[in-house]
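Worksheet: one structure, shown below.
The values are calculated or read from the model by the stated rules, or taken from the named source; none is laboratory data. Quantities reported herein were computed from a predicted structural model and do not represent experimental measurements. All Cβ positions, glycine included, derive from the backbone under ideal geometry; neighbour counts span all protein chains shown. Ligands, DNA and RNA are stripped out before the accessible areas are found, and what is left, the full protein with its side chains, is counted by its heavy atoms. Shrake-Rupley method; radii C 1.70, N 1.55, O 1.52, S 1.80 Å.
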Amino acid sequence: MLRLDDAWVWDFWTAHDGEHHHVFFLRAPRTPGDPNARHHRARVGHAISTDLCTWEHLPDALPQALPETLDDLATWTGSVVRDDGGTWWMFTSGIAHAEQGRVQRIGAATSPDLITWERRPLRLEADPRWYLADEAEPVDWRDPFVVRDDVGLWHMYVTARVPRSQVSGGRGHGVVAHATSRDLEHWEVGPPLGGPAGRFDQLEVVNLGCVEGRWVLLFSCLSPEMPDAAPGASGVWSVPVAGVGSPVDARRAVRLTSEDLYVGRLVQHEGAWQLLAFENRGPDGVFTGGVVDPLPVRWRADGAGLELRGGPARYRPA
């Protein structure tokens, strides 16, 4: 398990260099003790592993943001891909002091080796034609997940919301935002990949995988962000999709884990798909943090989504 004695560890993203699995994770000092204070103090940690269980900690991945940049307050969740020239690209979310962290934007950095990173000038924002971008309430535009389709077009999936007026009662307005690029540097923001389901205020940390020959999309949401949900009735969710850039019908999403786990990521290891997630709460119900050892996954018998094939019973949804 990936855990630090002196820091909270939570959201993370991965890359594989052919030999090592790299995990980039959010970390913040455990002081003053309140885990909820971690979000405005987040920096990007880095560790490597050959088995997804034993981790070697490396220096932080990204250099400290300069004042008056999009993430000079905190850097949040992202993803890593490699271009045709061998350069690694990291896309991250950022919040700034300028708006007291109320507006989220997406930035980028590049690296020749996954170790040394240089920030790029990308500053991708929510497009008010399709997404909530009114600073009267927090602007969600984060957790970029970048993946390439069969014809070479890059797709970015983003956690976002539409205006509350688009859903009954003003809740359940979370959507999967979408942008595309030919070169990873210039992006065109488009409409969401599906309308609001009315079930989720946020679809956090979206990612895709092709498990057993079928594409599936994962996201996370906690019960306080779900209209009328019972306490503890959420966690990591999965929903079948046709492929990269295809529509997402979040109304069909089924639970993959309990709320004891959060931010589920699909990772391939030794030819098998595994789930990594951070431990949102321990057996005592208190926030824990730390990335758990990989959990095998498979399709449910009804094809509605994925299910766990192992791990503690408390990780499975009731």
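Give the Rg/Rh ratio for the stretch 126-285, taking Rg as the radius of gyration of the Cα atoms and Rh as the Kirkwood radius, to two decimals. Walk me through the numbers on the way to the answer.
Numbers: Rg = 15.7 Å, Rh = 16.2 Å.
Here the Rg-to-Rh quotient is 0.97.
Calculate the all-directions average of the projected area of the stretch 1-79's alpha-carbon convex hull, and give it in nm². Please report the intermediate quantities before stating the final value.
Details: hull surface 22.3 nm².
Over every viewing direction, the Cα hull of the stretch 1-79 projects on average to 5.6 nm².
So if each residue of separation counts as 0.36 nm, and I subtract the Cα-Cα distance between Arg123 and Gln268, what length gain in nm does that give? Walk me through the numbers before you get to the answer.
On the way: separation 145, 0.36 × 145 = 52.20 nm, distance 3.05 nm.
So the chain would gain 49.1 nm between Arg123 and Gln268.
Starting from 0.36 nm per residue, how many nanometres of slack lie between Glu99 and Arg164 once their C-alpha separation is accounted for?
On the way: separation 65, 0.36 × 65 = 23.40 nm, distance 2.13 nm.
Answer, rounded to one decimal: 21.3 nm.
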* **Spatial separation of Cα centroids for the stretch 134-150 and the stretch 98-128, in angstrom** => 11 Å
* Asked: What is the spread of the Cα atoms of the chain along each of their three principal axes, largest first, in whole Å?
  -> 48, 46, 46
* So which trypsin sites (Lys or Arg not before Pro) in the stretch 23-126 are both in a DSSP loop and have at most 12 other Cβ atoms within 10 Å of their Cβ? -> Arg123
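Compute the signed sum of charges (Lys and Arg +1, Asp and Glu -1) over the other residues within less than 15 Å, Cβ to Cβ, of Arg300. Each step should come with its number before you reach the end.
Details: positive: Arg214, Arg252, Arg255, Arg298, Arg309, Arg316; negative: Glu212, Asp302, Glu307.
Charge balance in the 15 Å sphere: +3.
Which FRET efficiency value, to the nearest 0.05, is calculated for Cys210 and Glu137 with the Förster distance at 45 angstrom and r the Cβ-Cβ distance? List each step's numbers first, then the result.
Details: r = 36 Å, r/R0 = 0.81.
Computed FRET efficiency for Cys210 and Glu137: 0.80.
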* Structure fact -> Whole-Å distance linking the alpha carbon centroid of the stretch 243-288 with that of the stretch 6-65 is 18 Å
* Surface accessible to a 1.4 Å probe, per residue, for the residues of the chain, Å² -> 42 Å²
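Just the number, please: carbon plus sulfur as a percent of the accessible area of the chain, 1.4 Å probe, no ligands or DNA/RNA counted.
Details: 6500 of 13300 Å².
Roughly 49 percent of what the probe reaches on the chain is carbon or sulfur.
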* Rg/Rh for the stretch 189-240, where both radii come from Cα atoms and Rh is the Kirkwood radius -> 1.01
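Count neighbours as other Cβ atoms within 10 Å of each site's Cβ, and list the trypsin sites (Lys or Arg not before Pro) in the stretch 133-196 that are DSSP loop with at most 16 such neighbours. Walk me through the numbers before you get to the answer.
Values: sites: Arg142, Arg148, Arg161, Arg164, Arg171, Arg182; in loops: Arg171, Arg182.
Those that pass, being in a loop and sparsely packed, are Arg182.
Based on the Cβ-Cβ distance of Asp34 and Glu185, what FRET efficiency does E = 1/(1 + (r/R0)^6) give at R0 = 41 Å, to the nearest 0.05?
Given R0 = 41 Å and the Cβ-Cβ separation, E is 0.60.
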* Structure fact -> FRET efficiency (Asp284, Arg309; Cβ distance; R0 25 Å; to 0.05) is 0.45
* Say a site is exposed when it is one of the GluC sites (Glu not before Pro), sits in a DSSP loop, and has at most 15 other Cβ atoms within 10 Å; what is then the longest site-free stretch of the chain? -> 213-269
* Asked: In whole angstrom, and with the biggest value first, how far do the Cα coordinates of the stretch 135-230 range along each principal axis?
  -> 41, 35, 17
